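Read through the structure below, which is laid out as structure tokens, and then see the notes.
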Amino acid sequence: MNFAILLIEMRQNCGHIAFKKETKSKEGLGIHSSMILRFLHRNRLSSAVMPYPTLEHCNNMCTMRSSVLKECLDQLVQKEKESPGDLTRSPEMDKLKSVAKCYAYIETSSNSADIDKMTNGETSSYWQSDGSACSHWIRLKMKPDVVLRHLSIAVAATDQSYMPQQVTVAVGRSASDLQEVRDVHIPSNVTGYVTLLENANISQLYVQINIKRCLSDGCDTRIHGLRAVGFQRVKKSGVSVSDASAIWYWSLLTSLVTASMETNPAFVQTVLHNTR
């Protein structure tokens, strides 16, 4: 094809602006490269038929593809900075499942054999601690991908000095590194469930209930019930943005190799040699 005719057609198909000096800017480089790349593919042309000044930064097919790829990846990085987590976990890819029992297991500061007495749903039974004052705790190891929304304990005013009066809730990613998020005072006349957390969004692995003080400065405490309710994210089957980007990138490389093999016999031999 005559170069003059080629240049005219490129101006008509790619737009006159593609050949202006503004294409040297970072913003226009990706668009410029994309238009030229589509034109070359449509006309089955090799990028070598045009001189370097005409292509403005893209003197061969590889640099054109690289510039388009870089721009797309830069956009993905920018999106990740603006909305962390969106690229790996899209809201459309997840569904929520209500969980009435958010914990995998429970540990206590003492009398672990009686834990089931506060989780059996019967407030007539109870777990009773055995130790020094202010040293009692109940630790929940949460299930994977669970967000805790509600946490409450059942107490009884008839327990008198065994009734907890000041309770705190601490959370953390390890049992040895917990941070208090709630401090609750329980009136002495309350019988039944006392809410410790409501409409919370706790996603840490460990949630610990600390009995800081009992009524009349009692030594041990009694807990008649425990509720931990929330929801769990369940991954839907599908292709994430990250996976789709990887698939697109490998497709781009495959296309580049295929196009280059038609015009470069030496490259064909190199590919065959390295893929045996």
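The values are calculated or read from the model by the stated rules, or taken from the named source; none is laboratory data. Worth saying up front: this structure is predicted, and the values here are computed from it rather than measured. So basically every Cβ, Gly included, is an ideal-geometry build from the backbone, and we count neighbours across all protein chains shown. The accessibility values were calculated without ligands, DNA or RNA, using every heavy atom of the protein model including side chains. Shrake-Rupley method; radii C 1.70, N 1.55, O 1.52, S 1.80 Å.
Some values worked out for this structure:
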{"item": "Count of residues meeting criterion [in contact with a His (Cβ under 8 Å, 6 or more places away or on another chain) and open to solvent by 50 Å² or more (accessible area, probe 1.4 Å)] in segment 134-166", "result": "1"}
{"item": "Residue count, segment 167-214 (criterion: within 26 Å of the chain's Cα centre (by Cα), without any contact (Cβ under 8 Å) to a residue 60 or more places away in the chain and open to solvent by less than 20 Å² (accessible area, probe 1.4 Å))", "result": "6"}
{"item": "In segment 64-120, residue modelled with the highest pLDDT [restricted to those that are farther than 30 Å from ASP220 by Cα and among the hydroxyl-bearing types (Ser, Thr, Tyr)]", "result": "SER98"}
{"item": "Tally, over segment 145-165, of residues that are under 21 Å from CYS134 (Cα atoms) and touching an Asp or Glu at 6+ places or on another chain (Cβ under 7 Å)", "result": "1"}
